[in-house]
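Quick notes on the structure that follows.
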Amino acid sequence: MSYILALDQGTTSSRAMLFDRAGAVVAQVSQEFAQIFPQPGWVEHDAREIWSTQLEVAKKCLKMMPNKAADQSIRARTATDSIASTFPISAIGITNQRETTVLWDRKTGQPVANAIVWQDRRTAGRCDELARAGHTGMIQRKTGLVLDAYFSATKLQWLLDNVPGAREKAEKGELAFGTIDSWLVWNLTQGSVHVTDVSNASRTMLFNLHTLQWDDELLGLFNIPRGVLPEVVASSGVVGATNAELLGTAIPIAGIAGDQQAATFGQVCFEPGMAKNTYGTGCFMLMNTGSKPVVSKNKLLTTVGWQLDAKAKVKPQATYCLEGSVFMGGATIQWLRDGLQIIQSAADVQPLAASVPDTGDVYLVPAFAGMGTPHWDPYARGALLGMTRGTTRAHIARAALEAIALQSADVFRAMSLDAGLPLKALRVDGGASKNDLLMQMQADFSGVVVVRPKVLEATALGAAYLAGLAVGFWASCDELAALWKIDKIFEPKISADERKAKLARWYKAVGQAGHWVES
């Protein structure tokens, strides 16, 4: 009996999960960590806490292995032992919150500052400067991304320019940059491996989609020394092994992918035209577009999905995706819990929202960190509109659920237009996809069948699949596709006219929240 260990480092929590050969979860552990908000629009994480929580949940998850012989196997190993076939963990797959930027000292391994989170808007002004200087087109052609503070390049430039001594050390090669995958691999290997995979690299705004390499023109534009960058590797392939002292033995690190690309892989969207939506802290919809990048005409992002077989002598072909990004998905429910304190747990939102038949024409636009696809407005801010004396917390809770589905419906429409045909089904995953009311809203507002699989942890599952393929735990993508099973199907229940009217009110609300902050 053997397993794949998936490390799923998210925006609000670090998780570890064990998967068996059937793709089923046999153990999982999760731990939240602190969210830091130094100023309005700023979001930070302590990268050291990210590492400590991720290591802690990994250790706890290993102790939960059904194979009781694992403990003896671990105790019997020494740091110099090779990985034995009897050890029950075949490989580790890593998936991570993307774009979040860490800069650390190569010698001490310590971050020079807090990590700047993908939601952070502090560099919106820098993006405006670059747009006025005429760089938008070049950036989009090379990276597939819109010029926005969402991505890593301006965050890294900010750290180099604002942390005392950082730029000087970076020029000397003394600092290392990475997204969270790089930070975890560095710590798991105790500084011996500094890599990122193509999917994470494609979210930095420093990576050329067409050459699959760091781009000198982009590095010059953002004034980034090449010496801080990690080596770019394929998403599936052994890049190193964990230090034996951390988890009891050296385990191959064999899969790396950004969370949304990993979820697309976990949903086995292997054919062009297949699409999924993940309901996590944000909501992220991706559609497989095949072996060539497709330029969006509707403000979607073009991104690398994954790349298999790092051992190939000729660099293997990448799979590309179109992506739409909603910044506030599950985080909207977290705000109801922690900010407004109208629910005690996330699970409370469904019965509360279901206690009223509609929102009473109340609309929540959760633009707390600006708005993503298709608006790309970093200066939008949250708005709660249409309230009367009769508005209750139940109406607000229902409006929050509707906001998640309405934002995703906007993305789905853009994706359908780019695809050139109406998409017939949307695969869903992530914690909030357990919410039947939300999934029905999604089907109603998007006008499409929503399909929920039995395994909702597609992000971690995708990381496990990528690692498992690299070490022969699974033989092929066809084998993985056969493991995917349907849990429930949601079909639209409202008419086309009702849908049109609902979306019209939503667009009016979005207009009220737009460009709220002075640039």
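The values are calculated or read from the model by the stated rules, or taken from the named source; none is laboratory data. This is a predicted model, so every value here is computed, not measured. Quick reminder, even Gly has a Cβ in these numbers, built from the backbone with ideal geometry, and neighbours come from all protein chains shown. Heavy atoms of the whole protein, side chains included, go into the accessibility calculation; ligands, DNA and RNA do not. Shrake-Rupley method; radii C 1.70, N 1.55, O 1.52, S 1.80 Å.
A simple spin-label model places the labels of Gln35 and Asp497 4.1 nm from each other, with each point 7 Å out along Cα-to-Cβ.
Put Tyr320, Tyr507 in order of accessible area, highest first, and with a 1.4 Å probe you get Tyr507, Tyr320. The calculated P(r) of the stretch 291-376, using every Cα pair and 5 Å bins from 0, goes 3, 11, 13, 14, 13, 11, 10, 10, 7, 4, 3, 1, 0 in percent. Amide H contacts under 5 Å for Ala241: Ile253, restricted to partners 5 or more places along the chain or on a different chain, H placed in the peptide plane at 1.01 Å from N. Calculated mean residue ellipticity, 222 nm, the chain: -10000 deg cm²/dmol, from DSSP H runs (n ≥ 4) at -39500 (n - 2.57) each, averaged per residue and rounded to 500. For Asp197, the residues 5 or more places off, or on other chains, whose built amide H falls under 5 Å of its own are Val233. For the stretch 415-519, applying the loop criterion from DSSP together with a ceiling of 11 other beta carbons within 10 Å to the trypsin sites (Lys or Arg not before Pro) yields Lys424, Lys485, Lys493. Note on the chain: percent of Cα-Cα distances in each 20 Å bin, starting at 0 and stopping at the bin with the largest distance, equals 24, 58, 18, 0. For the stretch 167-180, the Karplus equation 6.51 cos²θ - 1.76 cosθ + 1.60, evaluated at θ = phi - 60°, returns couplings of 5, 4, 5, 5, 5, 8, x, 8, 10, 10, 9, x, 7, 5 Hz by residue, with Gly and Pro reported as x.
About the Cα centre, and with charges only on the beta carbon of Lys, Arg (+1) and Asp, Glu (-1), how big is the dipole of the chain? Nearest 20 debye, please. Don't skip to the end; give the middle numbers.
Numbers: 50 positive and 49 negative charges, 91 e Å.
I would put it at about 440 debye.
Here the calculated FRET efficiency for Lys299 and Val163, from their Cβ-Cβ distance with R0 = 35 Å, stands at 0.60, rounded to the nearest 0.05. Taking every DSSP beta bridge that has both ends in the chain, the antiparallel portion is near 70%. For the pair Glu231 and Asp358, label points projected 7 Å from Cα toward Cβ lie 6.0 nm apart.
In debye, nearest 20: dipole of the stretch 348-478 around its Cα centre with unit charges on the Cβ of K, R (+) and D, E (-)?
On the way: 10 positive and 12 negative charges, 31 e Å.
The dipole magnitude comes to about 140 debye.
Between Lys63 and Arg337, the modelled label-to-label distance comes to 2.4 nm, taking each label 7 Å out from Cα in the direction of the beta carbon. Sequence-ordered 3J(HN,Hα) estimates for the stretch 112-117 from the Karplus curve with 6.51, -1.76 and 1.60 and θ = phi - 60° stand at 7, 6, 4, 5, 8, 7 Hz, glycine and proline given as x. Of the listed residues Glu323, Glu498, the order by accessible area with a 1.4 Å probe, largest first, is Glu498, Glu323.
Here the stretch 384-403 and the stretch 254-284 have alpha carbon centers that stand 31 Å from each other. Applying the Karplus relation 6.51 cos²θ - 1.76 cosθ + 1.60 with θ = phi - 60° to the stretch 7-18 yields 3J(HN,Hα) values of 9, 10, 8, x, 6, 10, 8, 10, 10, 10, 9, 9 Hz, where x marks Gly and Pro.
Out of the DSSP beta bridges found with both residues in the stretch 259-383, what percent are antiparallel (nearest 5)?
Numbers: 20 of 21 bridges.
Roughly 95 percent of the beta bridges in the stretch 259-383 run antiparallel, per DSSP.
Rounded, prolate or oblate: which fits the stretch 412-519, taking a ≥ b ≥ c as square roots of the Cα gyration tensor eigenvalues, rounded meaning a/c under 1.5, else prolate when a/b beats b/c? Because a/c hits 1.5 or more and a/b exceeds b/c, the stretch 412-519 counts as prolate.
How much length, in nm to one decimal, is gained on full extension between Asp487 and Asp46, taken as 0.36 nm per residue of separation minus their Cα-Cα distance? Kindly include the intermediate steps, with their values, before the conclusion.
Working: separation 441, 0.36 × 441 = 158.76 nm, distance 3.72 nm.
Contour length minus the Cα-Cα distance gives 155.0 nm.
Need the C-alpha centroid separation for the stretch 473-519 versus the stretch 173-222, integer Å. Cα centroid to Cα centroid, the span is 31 Å.
Defining a contact as two alpha carbons under 8 Å apart and six or more residues distant in sequence, what relative contact order in percent does the stretch 170-230 show?
Numbers: 55 pairs, mean separation 26.5, N = 61.
Once normalised by length, the contact order is 43 percent.
If R0 equals 35 Å, the separation of the Cβ atoms of Asn223 and Thr108 corresponds to a calculated FRET efficiency of about 0.90.
Here the contact order of the chain, divided by its residue count and restricted to Cα pairs under 8 Å and six or more residues apart, works out to 15 percent.
Dipole size of the stretch 161-300 about its Cα centre, with +1 on Lys/Arg Cβ and -1 on Asp/Glu Cβ: approximately 420 debye, rounded to the nearest 20. Close amide H pairs (under 5 Å, H built 1.01 Å from N) link Asp487 with Arg452, Lys454, residues at least 5 positions away or on another chain.
Take the alpha carbon gyration tensor of the stretch 259-416, find the square roots of its eigenvalues, order them as a ≥ b ≥ c, and report rounded if a/c is under 1.5; if not, report prolate when a/b exceeds b/c, else oblate. If you can, show how the numbers build up before the last one.
Working: a/c = 2.83, a/b = 2.25, b/c = 1.26.
Verdict is prolate for the stretch 259-416.
Each of the peptides 163-176, 276-289, 42-55 was scored by the mean count of other Cβ atoms within 10 Å over its residues; in descending order, highest first, they stand as 276-289, 42-55, 163-176. The largest accessible area among Trp186, Trp516 belongs to the first residue in Trp516, Trp186, and the rest follow in falling order (1.4 Å probe, all chains). Treating r as the C-beta distance of Met138 and Ala425 and R0 as 45 Å, the FRET efficiency rounds to 0.80.
Can you classify the stretch 205-312 as rounded, prolate or oblate using the Cα gyration tensor, where a ≥ b ≥ c are the square roots of its eigenvalues, rounded means a/c under 1.5, and otherwise it's prolate if a/b beats b/c and oblate if not? Verdict is oblate for the stretch 205-312.
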